[in-house]
Structures are given as C-alpha cells and as structure tokens.
Amino acid sequence: MFDYNKLTQVMRRLSIEAGAKIMEIYESDDFDVQTKSDQSPVTAADEAADAIISAGLRAAFPDVLLITEEQAASHSQTGDTFLIVDPLDGTKEFIQRRGDFTVNIALVEDGVPTRGVVYAPARQRMFFTDASGQSVEETGSFAPETVGETKAMSVSAPDNAALMVVASKSHRDQATDDYINKYAVRDMKSAGSSLKFCLVATGEADLYPRLGRTMEWDTAAGHAVLAGAGGHVVRFDDLSPLRYGKSGYANPFFIAYAPGVELTKA
C-alpha cells in the first residue's frame, strides 16, 4: 500500500524545488537549447529539474520504478506501478518565454494515474492531488515544506449548447479545429503544456481534445489532477479510458472533459 501522505509531500516539494531552478534559468539573459534524437528541444532547465526530481523520488521511494522523459534508459522499463516525470513540460513555451510550462510528477497504479502534481512556476499556479485523491489548487508563496491555502477543485457542469474549449497553444491544427467544430462552442482558450488538463479540472474549461503526439509523461500528472476533480480522459478513437504503461509510453489521440459533456465520436 502506497503512503499517499508521504507521496503528496514529496511530489509537491520536488516540483517547487525544480520550479525554482527552472525559473532561475528562465530569467537568465540566455540559455542553451539542444535538439534531442526525436527532434524535440531540450534545455539546461529540463536537465537540472530532472536531476532534482529524480534524486528526490529515488531517495523517497527507492523500490518504485521511475520513468522520466529526460532519461532515455528508463523508457524501455515497464511495470504496473510507477512514478512518471516530465520535469519541464512545454519546453517550446519556455524557450519562447511564454510562461505556459509546467513541472509534472505522477504516480500510475495498474495503468491509471492516481496521484499527481502540476506546477506552473511562471504562472504561479499549483495543482495537486491530496492524500485522499481529491485535487486541490494551492495559493500562496509555495514554501517547499509548508502547504499554503488550498481549495478543492471540481469540474464544470457544462452547458452543451455553449461549451468552453481549451486547445494547445503550440500544436493546434486543422484536424483539431474540425473536431471542435462538431460542438456548440461558447468560447475557446489556448494554453500550453499540462495546464490544459488543469483548466478542465478547475471548471475554467469543459473540453480539451488532443489530436497530436503526446507521451505518457506529458499527460499523467494532468490526467491525475483532472480525475481527482471528477473529470475523465478517454481515447479519441473509441472513447475508452486512456491507459498508462503502454509500450514506448506513447499515447493515442485523446479527449479530456467534464463528465457532463456529450462527446461526439470522430
């Protein structure tokens, strides 16, 4: 049985410590950008944040499998229960200094993300699941050892005649627009990284479709936060629940939504 109290404290603290290092680099005059083998960008901030989080998780939970984006050797490991990390989700937002980047840490149990933290240091927003699995948003100074004021999060009760939709800031395409056009949309929001899940979790949006490549470390923490607020994430093709621990940790297209949304099949 997992010690969820300890897990919550450790994930939250490590996300804040990693976020502080990310912001130190973000606010510097210049930083180096490299290109990984899959042609995605990586910066010193990704690597520094990964080192902080990985060391902290391995010290606290030495017997739990750790999958992290920045350690390619971990991508060939598999298990039913594992910790999964994207130390800097939204690297493109970071490079362009747009602020919509997050630190993501999650626990997956039997293919389901059950606990997670999403911290957006430049936006000063923190979302996490508490020990019971309820998602909360924290406000305050984000002291690593002391939790500030928190508010329980809950998805919206959407009006299907006027939905609020959130979509990717960096990966919007015609296929996404075509799918969104199947709904009666009141307004659209654009956001980067895993913040899109969190906007559905807080009730600020009703629907987030993703018709593009993502990896499990991109989505697990946001998925956990959304689930802890009453929301769902399903595969785009057959509307079955999105599962984790897949070969290579690649996701199919998916839809994240508040349960009151009447989903339209592709």
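So how many residues does segment 10-42 have that are closer than 27 Å to residue 137 by Cβ and in contact (Cβ under 8 Å) with a residue 12 or more places away in the chain?
Qualifying residue count for the region: 16.
Within the set of pairs 6+ apart or on separate chains, which have a first residue in segment 142-166 that is over 19 Å from residue 232 (Cα atoms), a second that is in a loop (DSSP other than H, G, I, E, B) and modelled with pLDDT under 95, and C-beta atoms under 7 Å apart?
That search, which allows pairs on different chains as well, returns 148/140; 148/141; 149/140.
Checking residue 253 against (1) more than 20 Å from residue 118 (Cβ to Cβ); (2) modelled with pLDDT under 95; (3) touching a Gly at 6+ places or on another chain (Cβ under 8 Å); (4) not aliphatic (A, V, I, L, M), which test does it fail?
(2)
Output the residues belonging to segment 248-263 that are among the hydrophobic types (A, V, I, L, M, F, W, C) and either out of contact with any Asp or Glu (no Cβ under 9 Å at 6 or more places or on another chain) or within 25 Å of residue 160 (Cβ to Cβ) (or both).
Answer for segment 248-263, where residues must be among the hydrophobic types (A, V, I, L, M, F, W, C) and either out of contact with any Asp or Glu (no Cβ under 9 Å at 6 or more places or on another chain) or within 25 Å of residue 160 (Cβ to Cβ) (or both): 253, 254, 255, 256, 258, 261, 263.
Output the number of the condition that residue 147 fails; it satisfies all remaining conditions of (1) at pLDDT below 95; (2) part of a loop (DSSP other than H, G, I, E, B).
With (1) at pLDDT below 95; (2) part of a loop (DSSP other than H, G, I, E, B) applied to residue 147, the lone miss is (1).
Quick check on segment 118-177: of everything there that is among the polar types (S, T, N, Q), within 19 Å of residue 93 (Cα to Cα) and out of contact with any helix residue (DSSP H, G or I) (no Cβ under 6 Å at 6 or more places or on another chain), which residue is surrounded by the most Cβ atoms within 10 Å (Cβ to Cβ)?
168
Tally the residues that are surrounded by fewer than 23 Cβ atoms within 10 Å (Cβ to Cβ), in a loop (DSSP other than H, G, I, E, B) and not acidic (Asp, Glu), restricting the search to segment 88-112.
5
All but one of (1) surrounded by fewer than 16 Cβ atoms within 10 Å (Cβ to Cβ); (2) in contact with a helix residue (DSSP H, G or I) (Cβ under 7 Å, 6 or more places away or on another chain) hold for residue 26, so report the exception by its number.
Against the list (1) surrounded by fewer than 16 Cβ atoms within 10 Å (Cβ to Cβ); (2) in contact with a helix residue (DSSP H, G or I) (Cβ under 7 Å, 6 or more places away or on another chain), residue 26 comes up short only on (1).
I'd like to know if segment 105-117 contains one or more residues that are modelled with pLDDT of 95 or more, closer than 30 Å to residue 245 by Cβ, of a type in the set (S, T, N, Q) and within 13 Å of the chain's Cα centre (by Cα). Explain how you work it out, then say what you get.
Step one: of segment 105-117, the residues modelled with pLDDT of 95 or more are 105-117.
Cutting the leftovers down to closer than 30 Å to residue 245 by Cβ gives us 105-117.
Checking which are of a type in the set (S, T, N, Q) leaves us with 114.
Then drop every residue that is not within 13 Å of the chain's Cα centre (by Cα), which leaves 114.
There is at least one residue in segment 105-117 that is modelled with pLDDT of 95 or more, closer than 30 Å to residue 245 by Cβ, of a type in the set (S, T, N, Q) and within 13 Å of the chain's Cα centre (by Cα).
The values are calculated or read from the model by the stated rules, or taken from the named source; none is laboratory data. Model, not experiment: these values are computed from the prediction. All Cβ positions, glycine included, derive from the backbone under ideal geometry; neighbour counts span all protein chains shown.
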